[in-house]
C-alpha cells in the first residue's frame with residue numbers, strides 16, 4: 001500500500017478529508033482535486049496514480065466528463081462517489097467505464113475495502129502470463145488484450161470480465177456468479193449491470209464478441 005497513489009476528487013473539503021484520513025491510515029498516498037479540471041491536470045501530471053475516487057456533481061467539469069476523458073487513454077480503476085442513487089445513474093456510471101459506484105452517505109471503511117479489492121484485482125494477475133482463446137490473447141501481467149494481433153483498449157472491469165470468461169471457458173455462468181467473482185464482493189444491486197458490461201465488451205472485441213454466448217434466463221458462457 002505504501003507508495004500506492006490514489007486521486008480523490010470532490011468539491012467538498014470535508015468529504016476529501018474524510019476519505020483521505022481513512023486511506024492514509026492504510027498507508028496509501030493521497031492527492032486531492034476539488035474540481036474536474038484539477039483532477040485531469042493531476043492525472044496527466046502524475047502517471048503513477050493507481051486509482052481514482054471521483055464525485056459526480058462538481059463545478060467546471062463533472063465526474064462523468066472526467067471518467068469519459070480518462071477512459072480514452074487509461075483503464076486505471078475508477079470509483080464514482082455520488083449522492084445520486086437512481087438505478088439509471090448507476091448504470092450510466094458503469095456504461096461510461098466506472099469500476100465501482102458508491103452513493104453518499106457512505107461508510108469510509110466500506111469505501112476503503114472497495115479500494116483494496118479493486119487494487120487486489122488489478123494486481124492479481126501479476127503471477128500469470130497470458131491466456132489465449134481463439135483470436136483473443138489476454139496478457140494479465142501487462143494488462144493488455146489483443147484481438148487478431150491488434151491491441152484493444154478495455155476498461156479495468158472489462159479486462160477482468162474478459163479474463164474471467166476466458167478462465168472459465170465452456171462453463172455456464174450466472175449473472176450473480178459473474179458479479180460476485182469479477183467485482184470481488186457480494187453485489188446486492190441489479191444483476192443487469194453485467195449485461196451492460198457484456199454489451200460493451202462484445203462491441204470492443206468485434207467478431208470475437210460472438211465468443212460470449214447468452215444463456216437466456218441465466219447468464220453467459222464463453223466459447224472460442
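The values are calculated or read from the model by the stated rules, or taken from the named source; none is laboratory data. Nothing here was measured: the structure is a model prediction, and the numbers come from that model. Cβ coordinates were reconstructed from backbone atoms using ideal geometry, including for glycine residues, and neighbour counts include every protein chain displayed.
Some points to look at:
- Residue list for region 146-161, restricted to those being in contact (Cβ under 8 Å) with a residue 40 or more places away in the chain and either under 16 Å from residue 133 (Cβ atoms) or more than 14 Å from the chain's Cα centre (by Cα) (or both): 147, 148, 152, 154, 158, 159, 161
- Filter result for the condition that a residue is surrounded by fewer than 17 Cβ atoms within 10 Å (Cβ to Cβ) and closer than 21 Å to residue 97 by Cβ, over 27, 41, 10: 41
- Filtering region 47-61 to residues that are surrounded by fewer than 18 Cβ atoms within 10 Å (Cβ to Cβ) and at negative phi leaves 47, 48, 57, 59, 61.
- Matching residues, region 81-101, being at pLDDT 70 or above and either surrounded by fewer than 19 Cβ atoms within 10 Å (Cβ to Cβ) or outside the structural domain of residue 10 (by TED's automatic domain parsing) (or both): 83
- Test: residue 76 is part of a loop (DSSP other than H, G, I, E, B), outside the structural domain of residue 213 (by TED's automatic domain parsing), within 18 Å of the chain's Cα centre (by Cα) and modelled with pLDDT of 85 or more: yes
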